[in-house]
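The values are calculated or read from the model by the stated rules, or taken from the named source; none is laboratory data. Keep in mind that what you see is a predicted model, and the values were worked out from it rather than measured. Because the Cβ atoms are built from the backbone with ideal geometry, glycine has one as well, and the counts that use them run over all protein chains shown. Note: accessible area is taken over every heavy atom of the protein model, side chains too, but ligands, DNA and RNA are not part of it. Shrake-Rupley method; radii C 1.70, N 1.55, O 1.52, S 1.80 Å.
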Amino acid sequence: MRAVIRRNKQLVCDEIADLKPDQGQVLVRTLACGICGSDLHALHHMEHMIDLTRRAGGMGDGFDPTADTVFGHEFCAEILEHGPGTTGALKAGARVVSIPATLTPAGGVEMLGFSNNLPGGFAERMILSEALLLEVPNGLPTDKAALTEPFAVGAHAVAKARLDPNSVALVVGCGPVGLAVIAGLKARGHGPVIAADFSPRRRAAAEMLGADVVIDPAVESPHARWEGFGVPTARAAQNMVRMMGGSFGRPVVFECVGSPGVLQSLIEASPAGAQIVVAGVCMESDRIEPAIAITKEIELTFVFGYTPEEFAATLHDIAEGRIDVNNVVTGTVGLDGVAQAFKDLGDPEAHVKILVQP
(Lines give C-alpha, C1' and ligand atoms only; values in the text may rest on other atoms or scores of the structure.)
Protein backbone atom coordinates (compact mmCIF):
# COMPACT_ATOMS: atom_id res chain seq x y z
CA MET A 1 0.00 0.00 0.00
CA ARG A 2 1.05 3.63 -0.47
CA ALA A 3 2.13 5.98 2.29
CA VAL A 4 4.03 9.22 2.83
CA ILE A 5 7.19 8.41 4.75
CA ARG A 6 9.55 10.66 6.66
CA ARG A 7 12.92 9.40 5.43
CA ASN A 8 16.18 11.30 5.92
CA LYS A 9 14.20 14.39 6.96
CA GLN A 10 12.29 14.37 3.68
CA LEU A 11 8.76 13.28 2.80
CA VAL A 12 8.60 10.58 0.14
CA CYS A 13 5.57 8.78 -1.24
CA ASP A 14 6.38 5.08 -1.43
CA GLU A 15 5.04 1.58 -0.98
CA ILE A 16 5.04 0.00 2.48
CA ALA A 17 4.03 -3.49 3.62
CA ASP A 18 0.35 -4.40 3.79
CA LEU A 19 -1.14 -4.63 7.27
CA LYS A 20 -2.88 -7.46 9.12
CA PRO A 21 -4.82 -6.81 12.34
CA ASP A 22 -3.65 -8.72 15.42
CA GLN A 23 -5.46 -9.56 18.65
CA GLY A 24 -8.04 -6.89 19.49
CA GLN A 25 -7.18 -4.81 16.43
CA VAL A 26 -8.99 -3.69 13.28
CA LEU A 27 -7.74 -2.81 9.83
CA VAL A 28 -9.10 0.54 8.62
CA ARG A 29 -8.96 2.61 5.47
CA THR A 30 -7.82 6.17 6.09
CA LEU A 31 -10.47 8.59 4.83
CA ALA A 32 -8.91 11.87 5.97
CA CYS A 33 -6.04 12.94 8.18
CA GLY A 34 -5.08 16.45 9.24
CA ILE A 35 -1.57 17.85 9.05
CA CYS A 36 -0.62 19.03 12.54
CA GLY A 37 1.88 21.68 13.54
CA SER A 38 3.82 18.98 15.37
CA ASP A 39 4.15 17.14 12.05
CA LEU A 40 5.68 20.24 10.48
CA HIS A 41 8.19 20.52 13.31
CA ALA A 42 8.93 16.80 13.42
CA LEU A 43 9.88 16.68 9.74
CA HIS A 44 13.14 18.49 10.45
CA HIS A 45 13.49 18.20 14.24
CA MET A 46 12.13 14.77 15.15
CA GLU A 47 15.29 13.70 16.98
CA HIS A 48 15.18 16.73 19.27
CA MET A 49 11.44 16.30 19.89
CA ILE A 50 11.86 12.68 20.91
CA ASP A 51 14.82 13.50 23.15
CA LEU A 52 12.73 16.07 25.03
CA THR A 53 9.79 13.67 25.23
CA ARG A 54 11.96 10.93 26.70
CA ARG A 55 13.47 13.31 29.23
CA ALA A 56 9.89 14.07 30.28
CA GLY A 57 9.15 10.36 30.65
CA GLY A 58 6.69 10.38 27.78
CA MET A 59 8.15 7.83 25.38
CA GLY A 60 10.17 4.66 25.74
CA ASP A 61 13.31 3.65 23.92
CA GLY A 62 11.52 1.56 21.28
CA PHE A 63 11.09 4.39 18.78
CA ASP A 64 13.98 5.29 16.50
CA PRO A 65 13.44 8.87 15.23
CA THR A 66 15.99 8.34 12.46
CA ALA A 67 14.11 5.38 10.96
CA ASP A 68 11.21 5.52 8.50
CA THR A 69 8.07 7.01 10.05
CA VAL A 70 4.59 7.60 8.63
CA PHE A 71 3.08 10.71 10.23
CA GLY A 72 -0.60 11.41 10.81
CA HIS A 73 -2.54 11.40 14.09
CA GLU A 74 -5.68 13.48 13.30
CA PHE A 75 -7.76 11.00 11.35
CA CYS A 76 -11.14 9.60 10.41
CA ALA A 77 -11.19 6.08 8.97
CA GLU A 78 -13.46 3.27 7.74
CA ILE A 79 -13.37 -0.24 9.22
CA LEU A 80 -12.29 -2.87 6.69
CA GLU A 81 -11.46 -6.01 8.69
CA HIS A 82 -11.60 -7.27 12.27
CA GLY A 83 -8.70 -9.12 13.82
CA PRO A 84 -8.89 -12.07 16.22
CA GLY A 85 -10.41 -11.44 19.63
CA THR A 86 -12.55 -8.52 18.50
CA THR A 87 -16.28 -8.23 19.13
CA GLY A 88 -17.22 -6.73 15.79
CA ALA A 89 -19.57 -4.32 17.57
CA LEU A 90 -18.82 -1.78 14.85
CA LYS A 91 -19.24 -3.44 11.47
CA ALA A 92 -17.12 -3.16 8.37
CA GLY A 93 -17.94 0.11 6.66
CA ALA A 94 -18.43 2.06 9.88
CA ARG A 95 -16.59 5.38 10.05
CA VAL A 96 -14.52 5.83 13.20
CA VAL A 97 -12.10 8.09 14.99
CA SER A 98 -9.65 7.09 17.69
CA ILE A 99 -7.04 8.43 20.02
CA PRO A 100 -3.86 7.91 17.94
CA ALA A 101 -2.58 4.95 19.91
CA THR A 102 -2.76 1.26 19.07
CA LEU A 103 -2.51 -1.40 21.76
CA THR A 104 -0.27 -4.37 20.95
CA PRO A 105 -0.86 -8.00 22.03
CA ALA A 106 2.31 -7.83 24.12
CA GLY A 107 0.84 -5.04 26.22
CA GLY A 108 2.66 -2.18 24.55
CA VAL A 109 1.37 0.92 22.79
CA GLU A 110 2.27 2.23 19.36
CA MET A 111 1.78 5.99 19.09
CA LEU A 112 0.41 6.46 15.59
CA GLY A 113 2.33 9.06 13.65
CA PHE A 114 5.38 8.44 15.83
CA SER A 115 5.94 4.73 15.36
CA ASN A 116 8.42 2.62 13.42
CA ASN A 117 6.06 -0.36 13.40
CA LEU A 118 2.65 1.00 12.43
CA PRO A 119 1.79 3.80 10.00
CA GLY A 120 -0.15 6.88 10.92
CA GLY A 121 -2.84 8.51 8.83
CA PHE A 122 -0.63 9.51 5.89
CA ALA A 123 -1.11 5.96 4.64
CA GLU A 124 -3.90 4.23 2.79
CA ARG A 125 -4.58 1.92 5.74
CA MET A 126 -3.93 1.79 9.47
CA ILE A 127 -4.21 -0.62 12.38
CA LEU A 128 -6.38 0.62 15.26
CA SER A 129 -7.49 -0.92 18.56
CA GLU A 130 -11.15 -1.90 18.65
CA ALA A 131 -11.36 -0.88 22.31
CA LEU A 132 -10.43 2.72 21.46
CA LEU A 133 -12.75 3.25 18.49
CA LEU A 134 -15.50 5.86 18.50
CA GLU A 135 -18.10 5.66 15.76
CA VAL A 136 -18.65 8.87 13.86
CA PRO A 137 -22.24 9.99 14.50
CA ASN A 138 -24.47 9.50 11.51
CA GLY A 139 -24.45 12.53 9.26
CA LEU A 140 -21.22 14.10 10.49
CA PRO A 141 -19.01 14.61 7.42
CA THR A 142 -15.65 12.89 7.39
CA ASP A 143 -13.67 16.12 7.11
CA LYS A 144 -15.28 17.42 10.31
CA ALA A 145 -14.84 14.14 12.19
CA ALA A 146 -11.12 14.24 11.38
CA LEU A 147 -10.87 17.46 13.41
CA THR A 148 -11.75 15.67 16.66
CA GLU A 149 -8.13 15.16 17.72
CA PRO A 150 -6.84 18.73 17.28
CA PHE A 151 -9.93 20.26 18.88
CA ALA A 152 -9.63 17.87 21.83
CA VAL A 153 -6.30 19.59 22.56
CA GLY A 154 -8.19 22.85 23.05
CA ALA A 155 -10.82 21.15 25.20
CA HIS A 156 -8.08 19.88 27.51
CA ALA A 157 -6.48 23.31 27.86
CA VAL A 158 -9.87 24.80 28.77
CA ALA A 159 -10.50 22.02 31.29
CA LYS A 160 -7.21 22.86 33.02
CA ALA A 161 -8.07 26.56 33.26
CA ARG A 162 -9.54 27.79 36.54
CA LEU A 163 -12.27 29.82 34.90
CA ASP A 164 -15.09 31.26 36.98
CA PRO A 165 -18.44 32.52 35.61
CA ASN A 166 -17.10 36.07 35.21
CA SER A 167 -13.66 35.18 33.85
CA VAL A 168 -12.18 37.00 30.90
CA ALA A 169 -10.01 34.83 28.64
CA LEU A 170 -7.22 35.99 26.36
CA VAL A 171 -5.96 33.60 23.68
CA VAL A 172 -2.54 34.61 22.35
CA GLY A 173 -1.83 32.95 19.01
CA CYS A 174 -4.62 31.79 16.70
CA GLY A 175 -2.94 28.90 14.94
CA PRO A 176 -4.51 25.44 15.23
CA VAL A 177 -4.00 25.23 19.01
CA GLY A 178 -5.34 28.72 19.67
CA LEU A 179 -8.37 28.12 17.47
CA ALA A 180 -9.09 24.88 19.32
CA VAL A 181 -8.89 26.74 22.64
CA ILE A 182 -11.31 29.41 21.41
CA ALA A 183 -13.73 26.71 20.28
CA GLY A 184 -13.39 24.91 23.60
CA LEU A 185 -14.07 28.08 25.56
CA LYS A 186 -17.19 28.92 23.59
CA ALA A 187 -18.45 25.33 23.69
CA ARG A 188 -18.38 25.50 27.49
CA GLY A 189 -20.13 28.88 27.52
CA HIS A 190 -17.14 30.99 28.58
CA GLY A 191 -16.68 34.59 27.56
CA PRO A 192 -15.70 37.21 26.79
CA VAL A 193 -12.86 35.70 24.76
CA ILE A 194 -10.17 38.01 23.41
CA ALA A 195 -8.05 36.57 20.58
CA ALA A 196 -4.75 38.03 19.35
CA ASP A 197 -2.66 37.16 16.29
CA PHE A 198 -0.59 39.06 13.74
CA SER A 199 -2.07 37.05 10.84
CA PRO A 200 -5.25 38.43 9.22
CA ARG A 201 -6.30 34.97 8.13
CA ARG A 202 -5.90 33.56 11.61
CA ARG A 203 -7.78 36.48 13.14
CA ALA A 204 -10.64 35.80 10.72
CA ALA A 205 -10.64 32.14 11.75
CA ALA A 206 -10.69 33.14 15.43
CA GLU A 207 -13.74 35.30 14.82
CA MET A 208 -15.40 32.46 12.91
CA LEU A 209 -14.91 30.14 15.90
CA GLY A 210 -16.53 32.58 18.29
CA ALA A 211 -13.91 34.98 19.67
CA ASP A 212 -15.69 38.06 21.02
CA VAL A 213 -12.81 40.47 20.37
CA VAL A 214 -10.10 39.93 17.77
CA ILE A 215 -6.93 42.02 17.97
CA ASP A 216 -3.89 42.61 15.78
CA PRO A 217 -1.02 42.97 18.31
CA ALA A 218 0.85 45.12 15.79
CA VAL A 219 -1.88 47.75 16.20
CA GLU A 220 -3.06 47.29 19.79
CA SER A 221 -1.91 45.40 22.85
CA PRO A 222 -4.53 42.78 23.73
CA HIS A 223 -3.81 43.56 27.39
CA ALA A 224 -5.34 47.01 26.90
CA ARG A 225 -8.78 45.36 26.97
CA TRP A 226 -8.70 43.93 30.53
CA GLU A 227 -9.95 47.08 32.26
CA GLY A 228 -12.77 47.48 29.73
CA PHE A 229 -14.06 44.06 30.72
CA GLY A 230 -13.93 44.93 34.41
CA VAL A 231 -10.61 43.28 35.30
CA PRO A 232 -8.20 45.59 37.18
CA THR A 233 -4.64 44.84 36.15
CA ALA A 234 -2.68 46.13 39.13
CA ARG A 235 -2.65 44.44 42.52
CA ALA A 236 -3.52 47.70 44.33
CA ALA A 237 -6.54 48.31 42.12
CA GLN A 238 -7.72 44.74 42.62
CA ASN A 239 -7.45 45.10 46.39
CA MET A 240 -9.44 48.35 46.28
CA VAL A 241 -12.28 46.63 44.37
CA ARG A 242 -12.39 43.88 46.97
CA MET A 243 -12.29 46.31 49.91
CA MET A 244 -15.26 48.16 48.40
CA GLY A 245 -17.20 44.88 48.29
CA GLY A 246 -16.82 44.40 44.57
CA SER A 247 -15.58 41.44 42.57
CA PHE A 248 -14.19 40.62 39.14
CA GLY A 249 -13.61 37.51 37.08
CA ARG A 250 -10.30 35.67 37.19
CA PRO A 251 -8.18 36.64 34.17
CA VAL A 252 -6.95 33.59 32.24
CA VAL A 253 -4.40 33.80 29.43
CA PHE A 254 -3.82 30.95 26.99
CA GLU A 255 -0.33 30.97 25.49
CA CYS A 256 -0.74 29.23 22.13
CA VAL A 257 2.36 30.41 20.28
CA GLY A 258 5.17 28.23 21.63
CA SER A 259 8.06 30.55 20.81
CA PRO A 260 10.85 31.72 23.13
CA GLY A 261 10.12 35.01 24.86
CA VAL A 262 6.33 34.80 24.66
CA LEU A 263 5.87 33.39 28.15
CA GLN A 264 8.01 36.11 29.75
CA SER A 265 6.13 38.82 27.86
CA LEU A 266 2.83 37.44 29.16
CA ILE A 267 4.11 37.28 32.73
CA GLU A 268 4.97 40.97 32.50
CA ALA A 269 1.82 42.13 30.70
CA SER A 270 -0.93 39.99 32.26
CA PRO A 271 -3.02 41.24 35.18
CA ALA A 272 -1.86 40.39 38.69
CA GLY A 273 -3.22 37.04 39.81
CA ALA A 274 -3.72 35.81 36.25
CA GLN A 275 -3.48 32.16 35.31
CA ILE A 276 -1.39 31.56 32.20
CA VAL A 277 -2.26 28.24 30.55
CA VAL A 278 0.71 27.26 28.39
CA ALA A 279 -0.64 25.25 25.46
CA GLY A 280 1.93 26.30 22.85
CA VAL A 281 4.78 23.80 22.72
CA CYS A 282 8.09 25.65 22.75
CA MET A 283 10.80 23.21 21.63
CA GLU A 284 13.68 25.51 22.54
CA SER A 285 15.19 26.65 25.81
CA ASP A 286 13.42 29.73 27.14
CA ARG A 287 14.00 32.26 29.89
CA ILE A 288 11.62 33.75 32.43
CA GLU A 289 12.15 36.03 35.41
CA PRO A 290 10.40 34.30 38.33
CA ALA A 291 10.54 37.37 40.59
CA ILE A 292 8.02 39.18 38.36
CA ALA A 293 5.66 36.20 38.35
CA ILE A 294 6.06 35.84 42.11
CA THR A 295 5.38 39.49 42.83
CA LYS A 296 2.26 39.42 40.63
CA GLU A 297 1.23 35.94 41.89
CA ILE A 298 0.99 34.66 38.34
CA GLU A 299 -0.07 31.03 38.07
CA LEU A 300 1.57 28.98 35.30
CA THR A 301 -0.23 25.85 34.11
CA PHE A 302 1.38 23.69 31.43
CA VAL A 303 -0.93 21.43 29.41
CA PHE A 304 -0.50 18.73 26.80
CA GLY A 305 -2.81 16.40 24.88
CA TYR A 306 -6.21 15.38 26.27
CA THR A 307 -7.97 12.61 28.17
CA PRO A 308 -10.06 9.89 26.49
CA GLU A 309 -13.16 11.53 27.94
CA GLU A 310 -12.22 14.91 26.46
CA PHE A 311 -11.57 13.27 23.08
CA ALA A 312 -15.02 11.62 23.08
CA ALA A 313 -16.75 14.80 24.26
CA THR A 314 -15.08 16.79 21.48
CA LEU A 315 -16.42 14.43 18.83
CA HIS A 316 -19.93 15.00 20.16
CA ASP A 317 -19.42 18.75 20.48
CA ILE A 318 -18.53 18.86 16.79
CA ALA A 319 -21.37 16.54 15.79
CA GLU A 320 -23.95 18.52 17.74
CA GLY A 321 -22.74 21.92 16.57
CA ARG A 322 -21.38 23.23 19.87
CA ILE A 323 -18.05 23.47 18.06
CA ASP A 324 -18.63 24.83 14.57
CA VAL A 325 -15.77 23.65 12.37
CA ASN A 326 -17.25 24.87 9.11
CA ASN A 327 -14.53 26.45 6.97
CA VAL A 328 -11.68 25.28 9.23
CA VAL A 329 -10.44 22.96 6.48
CA THR A 330 -9.00 25.18 3.76
CA GLY A 331 -7.35 22.54 1.57
CA THR A 332 -7.18 18.84 0.77
CA VAL A 333 -4.42 16.83 -0.88
CA GLY A 334 -3.73 13.26 -1.87
CA LEU A 335 -0.59 11.45 -0.78
CA ASP A 336 1.36 12.92 -3.67
CA GLY A 337 0.56 16.43 -2.45
CA VAL A 338 1.63 16.07 1.19
CA ALA A 339 5.19 17.35 0.78
CA GLN A 340 3.96 20.54 -0.90
CA ALA A 341 1.22 20.94 1.71
CA PHE A 342 3.89 20.98 4.44
CA LYS A 343 5.55 23.89 2.64
CA ASP A 344 2.25 25.70 2.12
CA LEU A 345 1.42 25.50 5.83
CA GLY A 346 4.57 27.45 6.59
CA ASP A 347 2.67 30.56 5.48
CA PRO A 348 -0.11 31.43 7.97
CA GLU A 349 -1.96 33.35 5.26
CA ALA A 350 -2.15 30.32 2.97
CA HIS A 351 -4.18 27.85 5.02
CA VAL A 352 -5.86 27.13 8.35
CA LYS A 353 -5.96 23.32 8.09
CA ILE A 354 -5.08 20.90 5.28
CA LEU A 355 -6.46 17.36 5.23
CA VAL A 356 -4.72 14.44 3.56
CA GLN A 357 -7.11 12.10 1.75
CA PRO A 358 -5.11 8.95 0.93
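Taken along the Cα-to-beta-carbon direction at a fixed 7 Å, the label points for Phe304 and His48 span 1.6 nm.
In the complete set of protein chains, residue-level accessible area for Glu309 is approximately 130 Å², probe 1.4 angstrom.
Under a Gaussian network description of the chain, with springs only between Cα atoms under 10 Å, the residue in Ile276, Ile99, Ile288 that fluctuates furthest is Ile288. Solvent exposure of region 4-60 amounts to 50 Å² per residue of accessible area, where only protein heavy atoms count and the probe is 1.4 Å. By the Kirkwood approach, averaging reciprocal distances over each pair of separate Cα atoms, region 255-335 gets a hydrodynamic radius of 15.5 Å.
The calculated FRET efficiency for the pair Lys91 and Gln357, based on their C-beta separation and a Förster distance of 30 Å, comes to about 0.85.
Computed over the chain, the per-residue total of -39500 (n - 2.57) for DSSP H runs of n ≥ 4 gives a 222 nm mean residue ellipticity of -8000 deg cm²/dmol, rounded to 500. Taken about its Cα centre, the chain carries a charge dipole of about 620 debye when Lys and Arg each add +1 at the Cβ and Asp and Glu each add -1 at the Cβ. Rolling a 1.4 Å probe over the protein heavy atoms leaves Met283 with an accessible area of roughly 40 Å². Pairs to check: Lys144/Lys186; Lys91/Lys353; Lys20/Lys91; Lys160/Lys186; Lys160/Lys353; Lys160/Lys296. Give those whose C-alpha atoms are more than 27 Å from each other in this structure. Beyond 27 Å: Lys91/Lys353. The structure shown yields Cα extents along the principal axes in Å, and of the options (1) 60, 47, 40; (2) 69, 59, 41; (3) 69, 41, 38 that calculated value carries the label (3). Extension gain, Ala17 to Ala56, is 10.8 nm, computed as 0.36 nm per intervening residue step minus the present C-alpha separation. Accessible surface ranking for Thr307, Thr332, 1.4 angstrom probe, highest first: Thr332, Thr307. The phi torsions of region 122-133, fed into the Karplus equation with coefficients 6.51, -1.76 and 1.60 and a -60° offset, translate into couplings of 8, 9, 5, 9, 9, 10, 10, 8, 4, 5, 9, 6 Hz, rounded to whole numbers, with Gly and Pro shown as x. Sorting Thr148, Thr87, Thr233 on solvent-accessible area from highest to lowest, probe radius 1.4 Å, gives Thr87, Thr233, Thr148. The fraction of accessible area contributed by carbon and sulfur in region 6-165 is 51 percent, rounded to a whole number (1.4 Å probe; ligands and nucleic acids excluded). Just checking the listed ones, Ala161, Ala17, Ala319: in the Gaussian network model of the chain with Cα springs under 10 Å, the one fluctuating most is Ala17.
Converting phi to 3J(HN,Hα) with the Karplus coefficients 6.51, -1.76 and 1.60 and the offset θ = phi - 60°, region 201-212 yields 5, 5, 5, 5, 5, 4, 5, 4, 8, x, 4, 7 Hz in sequence order, with x at every glycine or proline.
Once you've got the GNM for the chain with C-alpha springs shorter than 10 Å, pick whichever of Glu110, Glu255, Glu320 has the biggest mean-square fluctuation. Looking only at Glu110, Glu255, Glu320, the largest GNM fluctuation is found for Glu320. Spacing of the modelled spin labels on Asn166 and Asn138, each 7 Å from Cα toward Cβ, amounts to 4.7 nm.
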